[in-house]
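Here's the structure, in structure tokens; my notes come after.
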Amino acid sequence: MSKLTVIEPATEKILAEIPAATAADIHSAVQKAKRAFPAWRKMPPAERVRIMHNIANLIEKNLEQLAWLESRNVGKPIGNARWEIGTVAQVFRYYAGAVERHMGTTVPVAGGFAMTFLEPLGVVGLITPWNFPLLIVSWKLAPALAAGNTCVLKPAELTPLTAMELEKIVLEAGLPEGVLNVVVGTGLEAGRALVEHPDVAKIAFTGSTVVGKDIAARAAQQIKRVTLELGGKSASIIMDDADIAAAAAGVPSSIFENSGQDCCARSRLLVHKNVLDDFMNALEPHVKNYRVGDPSTDVDMGPLISAQHRTRVENFIEGAKVSIIGSAPTGAGYWFAPRVLEPEYASDRIVQEEIFGPVTAIIPFSSEAEALELANGTIYGLSGSIWTRDNARALRMARAVDSGVLSINSNSSVRYTTPFGGFKQSGYGRELGSKALEAYSDEKTVYVRTDE
Ligand code: NAD
């Protein structure tokens, strides 16, 4: 049996060795989920609410242990990991509150009336990435359970540890056996087997656009429901009337946080030519002072996820002009100093493709129209920021940017109470917010004849 080796990116030491699940393991997990479905869907909503609150409580009780595991496995600063695990608990609470509000409508029609029911789909496959492991699991698992589905979760093979802990926690919280099944394996074997399994009604996927396309194509063979949260190349647009100090201070967290391994990372900085010099001067100390180091301490950024990923990032930026560079430790660990690049053309790879590292590209522009054209000039459309003091302009531009999420004078992209998802090749379907349960339900209309 082949093994998956889980590495701690800050030390390059082995954290765990896990047998890699096969297609047969996926099949047996799907069968468990299938058997658990009828009882879970029929369970009185108030009971499902209670279990989901229990899950939230137990996540909070185990917050320190889960945060340390996440920090060590991803290499993210422990402070960020604590925030993420705390948010996971809140996501379960939020969707616990949705269970009893998830209902259809009644429509008067000729001869009688019709009622609609929001039916659970059955067994749902959840496939998640390595950058925000447990947080992204919660975005899928909590609404899927709330809507009455059972789940097979395949976490990213680089960072499966918190998902494996969660499987124990949900049982302790009273979730019936088989409702959540965590299977750790590679994307090509376990992930693909889940996508192609005929008893899986839906795949909720977060990951790269390349894999998203493969999943969508395979799922289409069975008209399987799919939601896709994919890559991004989001822009911060800094207009000439912006608060330059605030915009520059916001850059590091917008791109370097989580070592730039964030689908919403603002990996393009579009800056009005009139304020370019001022902006670069204001930005420089923020990049140089960004604290990169041991994630178990109070730092801003840890290492990249793996040696392979660091090589990929290095290859991307080879030959590019570096405008500002920060610092990073040397020695063991997949360290990489954050940097701001000056591309030659808007068509350069570093401007067009998702690098997924702490690297952003400065692109000057001279008008609002040009800024919008540049902002919309990639295959992606996930997130972005607009920095201006003119409120009408901010809203006008926000309407014109092709992306699922935008923030004005801020870098905030994700709130669990608001919809999140992409335009264009950043994916389709929305997670989070009150409508997320709809992505885990099918609506049934029942007509009732009442005339004599
Ligand atoms: P990835 O696409 O390589 O892998 C994601 C998951 O899919 C993993 O669990 C992997 O094992 C599995 N997988 C890989 N190949 C598969 C296949 N052929 N069939 C089925 N499953 C397969 O992505 P990653 O490197 O883990 O994560 C980084 C990517 O995720 C970036 O592109 C990033 O932008 C994206 N992402 C998007 C969002 C979002 O919400 N839009 C959030 C986080 C990350």
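The values are calculated or read from the model by the stated rules, or taken from the named source; none is laboratory data. Please read these numbers as outputs of a predicted model, since none were measured by experiment. Every residue, glycine as well, gets a Cβ built from its backbone with ideal geometry; the counts of neighbours run over all protein chains shown. Only protein heavy atoms, including side chains, enter the accessible area calculation; ligands, DNA and RNA are left aside. Shrake-Rupley method; radii C 1.70, N 1.55, O 1.52, S 1.80 Å.
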Evaluation of Ala67 against (1) surrounded by 16 or more Cβ atoms within 10 Å (Cβ to Cβ); (2) touching a residue at least 40 places away in the same chain (Cβ under 8 Å) (one fails), failing number:
(2)
Failed condition for Trp83, given (1) over 19 Å from the mean Cα position of the chain (by Cα); (2) free of Cβ contacts under 8 Å to residues at least 24 places away in the same chain
(1)
When Thr330 is evaluated against the numbered criteria (1) open to solvent by 40 Å² or more (accessible area, probe 1.4 Å); (2) of a type in the set (Ser, Thr, Tyr); (3) within 16 Å of the ligand (Cβ to nearest atom), which criterion, by number, is the only one it fails?
(3)
Per-region count, the range 352-371, residues assigned to a helix (DSSP H, G or I) and surrounded by fewer than 21 Cβ atoms within 10 Å (Cβ to Cβ):
4
Where the second residue is open to solvent by 40 Å² or more (accessible area, probe 1.4 Å) and acidic (Asp, Glu) and the first is closer than 30 Å to Trp335 by Cα and lies in the range 356-376, which pairs have Cβ atoms under 7 Å and are six or more apart or on separate chains?
Ile362/Glu342
I'd like to verify a number: residues in the range 397-409 that are in contact with a helix residue (DSSP H, G or I) (Cβ under 8 Å, 6 or more places away or on another chain) and not in a loop (DSSP other than H, G, I, E, B), how many?
3
Answer with yes or no whether Glu431 is open to solvent by less than 70 Å² (accessible area, probe 1.4 Å), in the same structural domain as Leu145 (by TED's automatic domain parsing) and in contact (Cβ under 8 Å) with a residue 12 or more places away in the chain.
yes
Tell me yes or no: at least one residue of the range 239-256 is away from the ligand (no atom under 14 Å from the Cβ), within 24 Å of the chain's Cα centre (by Cα), in a loop (DSSP other than H, G, I, E, B) and over 23 Å from Asp442 (Cα atoms).
yes
Would you mind stating whether Leu15 is within 25 Å of Gly260 (Cβ to Cβ), out of contact with any Phe, Trp or Tyr (no Cβ under 9 Å at 6 or more places or on another chain) and buried (at least 21 other Cβ atoms within 10 Å of the Cβ)?
no
Would you mind listing the strands (runs of 3 or more DSSP E) fully within the range 260-343 where at least 1 residues are farther than 19 Å from Leu374 by Cβ and of a type outside the set (S, T, N, Q)?
321-325, 339-342
Matching residues, the range 409-428, being closer than 29 Å to Met103 by Cβ, within 11 Å of the ligand (Cβ to nearest atom) and open to solvent by 30 Å² or more (accessible area, probe 1.4 Å)
Val414, Tyr428
The residue from Ala10, Ala56, Ala21, Ala36 that alone is in contact (Cβ under 8 Å) with a residue 40 or more places away in the chain, over 25 Å from the mean Cα position of the chain (by Cα) and open to solvent by less than 50 Å² (accessible area, probe 1.4 Å) is Ala36
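Residue-wise test of (1) open to solvent by 20 Å² or more (accessible area, probe 1.4 Å); (2) in contact with a Pro (Cβ under 9 Å, 6 or more places away or on another chain).
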{"site": "Val200", "(1), (2)": "no, no"}
{"site": "Thr206", "(1), (2)": "no, yes"}
{"site": "Ala216", "(1), (2)": "yes, no"}
{"site": "Ala219", "(1), (2)": "no, no"}
{"site": "Ile223", "(1), (2)": "yes, no"}
{"site": "Gly231", "(1), (2)": "no, no"}
{"site": "Ile244", "(1), (2)": "yes, no"}
{"site": "Ala247", "(1), (2)": "no, no"}
{"site": "Lys288", "(1), (2)": "yes, no"}
So for the range 440-449 (the condition being open to solvent by 70 Å² or more (accessible area, probe 1.4 Å), over 30 Å from Ala146 (Cβ atoms), in a strand (DSSP E or B) and away from the ligand (no atom under 16 Å from the Cβ)), does at least one residue qualify?
yes
Can you pull out the strands (runs of 3 or more DSSP E) entirely within the range 107-222 that have at least 1 residues that are away from the ligand (no atom under 14 Å from the Cβ) and among the β-branched types (Val, Ile, Thr)?
112-120, 123-127, 150-154
Residue hits (the range 339-352; in contact (Cβ under 8 Å) with a residue 24 or more places away in the chain and either in contact with a helix residue (DSSP H, G or I) (Cβ under 7 Å, 6 or more places away or on another chain) or of a type in the set (Val, Ile, Thr) (or both)) are Val340, Leu341, Ala346, Arg349, Ile350, Val351
Options Phe365, Phe316, Phe336, Phe356; residue that is at positive phi and not acidic (Asp, Glu)
Phe356
Can you find a residue that is among the aliphatic types (A, V, I, L, M), touching a Gly at 6+ places or on another chain (Cβ under 9 Å) and either free of Cβ contacts under 8 Å to residues at least 12 places away in the same chain or more than 21 Å from Thr209 (Cβ to Cβ) (or both) anywhere in the range 324-338?
yes
